[in-house]
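Note sheet for the following structure.
The values are calculated or read from the model by the stated rules, or taken from the named source; none is laboratory data. Since we're looking at a predicted model, the values are computed, not measured. Cβ: placed from backbone, ideal geometry, glycine included. Neighbour counts: every protein chain shown.
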Amino acid sequence: MDGRVFDVTDYIYDHPGGYEILETVKGTDAYDQFLEQKHSKMAVKQVEKFVIGIFFDKSENKSNLDKKEFIRILYATQFGNSKKIALKILYKTKKILPRNNLLFTRMDKFDLKNLFKETFIFIIISTIDSGTAPTMGNKFCKRLNLIANSNKILLDKKNLHFSIFGLCSCKNFNDCNIVANTMFKNLYKIGGKPLLPLEKNCKNTMKSSESGYTQFYSFEKWMKKLLKLVLMYLTKNTDYKNIFQREEKKIKIQLNVSGSKKLSNKRKMITPMMYKKLVKEGYQLLSSHSAVKLCRWTKIMLHDRGGCYKHIFYGIMSYRCMETTPNLSCANRCIFCWRHHTNPISKEWRWMKDSPEILLEQSFKNHYKLINMIKNSSQVKQQYFKKAHLVKHCALSLVGEPIMYPNIQDYVDLIHDKSVSTFMVTNGQFPEKVLKISAITQFYISVDAATKKNLQVRNKERNHIFN
């Protein structure tokens, strides 16, 4: 059905409509009969587990291979998402280009030597959380990288046309779609001709649609444009060159070729998925990369049950302390950290930047909003509640690495201008920023490990901080 082969041997006698129906359609394309029965969504979903392969007409295969007018869909997946995308491409290509030979191949089953014989190749590849290729794509990526850097073998630029769709679920933005990026550059370097700019899709930047949040929001648009170009090329359409030239300019900008400026990859740090998780954990999110949360010691002191060590050591009243951060991202993912681990990790600032004035204004506003939420509690001391609306201390220790925020100096100065003392936490991985920043009321440097090796062991994200 629909170009796939199903083995229902173990299910035939459990079929609700009887085994006779399956017997009559065995060895044939039963897709139309399947649709006529108007099966339930559950039945349609259940069918997927019986798929054992893809069907191709051998006689048609041979004729197309001779003409070199065939399309290979190559995929590498770790958790199945890339395979789903590859199958969608297969079905859509079959409907639009029925006469062309379609080859559906796992990356570890593909011999890289045959790459030089391909006409069209669509690659779907994931980047897993450590910033590496899926297991089935490791060998292909390494060999391609070796060829690209050796400069010994080059493709005939008129032969191979390729397009890559990259998927990613990395929390570390330095690793996001790094496998697809590298593969795109390597294929271009050895003479391959990209049909479209690299299409990158990240699970952590999901966008909304009518059916809710989906990781594949850009797939349909990319696929439609891709198949249009392929069809025009095969039918010798004269508009093909004009369209391709427009796309080629975008590709060169993306690759930073011929002095072109690199496209900005800046985006909002707080993604829809992250927003949902953080709000559930009690964070008040500010603008696109900051947050404020009511400290438990603030609530405890409002109930007159004591305060944190700042009260004991420095006389700071916990109910007049605001805990916030101008930067939710962190440089590490420490195994001993008590934080939520839903925030991104990065060694540098890679997102849109909000002004310190807006961040501070929203911090105070949302902090007081959180204070007001416990106003009617019978245990809250009203004399403390009134004073809690005049913050005198700001703890920049909520989550993330605050010193990495590009405007951290201006942000701290604005806090001090309001006669509010500051407390900042950093793990010292940005020594140049530590040296440049002016005096903080209390500067707390957390030494997470004595040596580089120990820090590596204590990090959940493996070696990303040393790559």
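What do you reckon, is Phe430 among the aromatic types (Phe, Trp, Tyr), within 21 Å of Leu278 (Cβ to Cβ) and in the same structural domain as Tyr319 (by TED's automatic domain parsing)? So Phe430 does not fit the description; no. Note on the range 118-134: among residues that are more than 20 Å from Val230 (Cα to Cα) and modelled with pLDDT of 80 or more, the one that is surrounded by the fewest Cβ atoms within 10 Å (Cβ to Cβ) is Thr132.
Selection of the range 293-336 for residues being touching a strand residue (DSSP E or B) at 6+ places or on another chain (Cβ under 7 Å), in a loop (DSSP other than H, G, I, E, B) and either surrounded by fewer than 16 Cβ atoms within 10 Å (Cβ to Cβ) or of a type in the set (A, V, I, L, M) (or both) yields Ile316, Leu328, Ala331.
Return the residues of the range 185-196 that are touching a strand residue (DSSP E or B) at 6+ places or on another chain (Cβ under 9 Å) and more than 18 Å from Lys117 (Cα to Cα); say none if nothing qualifies. Result: Leu196, single match.
Results for (1) assigned to a loop (DSSP other than H, G, I, E, B); (2) modelled with pLDDT of 80 or more, shown as yes or no for each residue.
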| site | (1), (2) |
| --- | --- |
| Leu74 | no, yes |
| Phe79 | yes, yes |
| Lys84 | no, yes |
| Ile89 | no, yes |
| Lys94 | no, no |
| Pro98 | yes, no |
| Asp108 | no, yes |
| Phe116 | no, no |
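Of all residue pairs spaced 6 or more apart or on separate chains, those with beta-carbon atoms under 8 Å, a first member in the range 137-151 that is within 13 Å of Leu115 (Cα to Cα) and a second member that is small (Gly, Ala, Ser) and at pLDDT 90 or above are Phe140/Ala76. Looking only at residues in the range 251-276 that are of a type in the set (Lys, Arg) and at pLDDT 75 or above, which one is nearest to Pro194 (Cα to Cα)? If we take residues in the range 251-276 being of a type in the set (Lys, Arg) and at pLDDT 75 or above, then Lys268 is nearest to Pro194 (Cα to Cα). Considering the range 118-147, the residues that are of a type outside the set (A, V, I, L, M) and part of a strand (DSSP E or B) include one that is farthest from Cys176 (Cα to Cα), namely Phe120.
For the range 331-359, the set of residues classified as aliphatic (A, V, I, L, M) and in contact with a helix residue (DSSP H, G or I) (Cβ under 9 Å, 6 or more places away or on another chain) consists of Ala331, Ile335, Ile345, Leu359, listed by residue number.
Whether any residue in the range 277-294 is basic (Lys, Arg), assigned by TED's automatic domain parsing to the domain that holds Asp354 and modelled with pLDDT of 90 or more is what I want to check.
yes
Looking at the range 423-441, is at least one residue at pLDDT 85 or above, out of contact with any Leu (no Cβ under 7 Å at 6 or more places or on another chain), closer than 21 Å to Arg305 by Cβ and in a helix (DSSP H, G or I)? Looking through the range 423-441, none of the residues is at pLDDT 85 or above, out of contact with any Leu (no Cβ under 7 Å at 6 or more places or on another chain), closer than 21 Å to Arg305 by Cβ and in a helix (DSSP H, G or I).
Cβ-Cβ contacts under 7 Å between residues 6 or more apart (or on different chains), taken from a first residue in the range 228-251 that is touching a residue at least 24 places away in the same chain (Cβ under 8 Å) to a second residue that is among the acidic types (Asp, Glu), are listed as Leu234/Glu69. Within the range 51-68, identify whether any single residue is closer than 25 Å to Lys185 by Cα and either surrounded by fewer than 12 Cβ atoms within 10 Å (Cβ to Cβ) or at pLDDT below 85 (or both), and answer yes or no. Within the range 51-68, one or more residues are closer than 25 Å to Lys185 by Cα and either surrounded by fewer than 12 Cβ atoms within 10 Å (Cβ to Cβ) or at pLDDT below 85 (or both).
When the range 212-229 is limited to residues that are among the hydrophobic types (A, V, I, L, M, F, W, C) and modelled with pLDDT of 80 or more, the one that is farthest from Asn81 (Cα to Cα) turns out to be Leu229.
Return only the number of the condition from (1) without any contact (Cβ under 8 Å) to a residue 24 or more places away in the chain; (2) buried (at least 17 other Cβ atoms within 10 Å of the Cβ) that Gln382 does not satisfy. Checking Gln382 against (1) without any contact (Cβ under 8 Å) to a residue 24 or more places away in the chain; (2) buried (at least 17 other Cβ atoms within 10 Å of the Cβ), the one that fails is (2). Among residues of the range 13-33 that are farther than 17 Å from Gln46 by Cα and of a type in the set (Asp, Glu), those with a Cβ under 8 angstrom from a residue that is modelled with pLDDT under 80 and not in a helix (DSSP H, G or I), sequence gap 6+ or separate chain, pair up as Asp29/Met1. Just give me the residues in the range 421-440 being in contact with a strand residue (DSSP E or B) (Cβ under 7 Å, 6 or more places away or on another chain) and free of Cβ contacts under 8 Å to residues at least 40 places away in the same chain, in sequence order. Selection gives Thr422, Met424, Val425, Thr426, Gly428, Val434, Ile440. Would you mind stating whether Arg339 is buried (at least 16 other Cβ atoms within 10 Å of the Cβ), among the basic types (Lys, Arg) and within 26 Å of Arg267 (Cβ to Cβ)? When the stated conditions are applied, Arg339 does not pass them. Entry remark, the range 421-446: residues being buried (at least 16 other Cβ atoms within 10 Å of the Cβ) and of a type in the set (D, E, K, R) number 1 in total.
Among the residues of the range 17-26, those that are out of contact with any His (no Cβ under 8 Å at 6 or more places or on another chain) and modelled with pLDDT of 75 or more comprise Gly18, Glu20, Glu23, Thr24, Val25, Lys26. Can you find a residue that is of a type outside the set (Lys, Arg), part of a helix (DSSP H, G or I), within 23 Å of Lys299 (Cβ to Cβ) and in the same structural domain as Leu328 (by TED's automatic domain parsing) anywhere in the range 392-410? Checked against the condition, which is being of a type outside the set (Lys, Arg), part of a helix (DSSP H, G or I), within 23 Å of Lys299 (Cβ to Cβ) and in the same structural domain as Leu328 (by TED's automatic domain parsing), the range 392-410 yields at least one hit.
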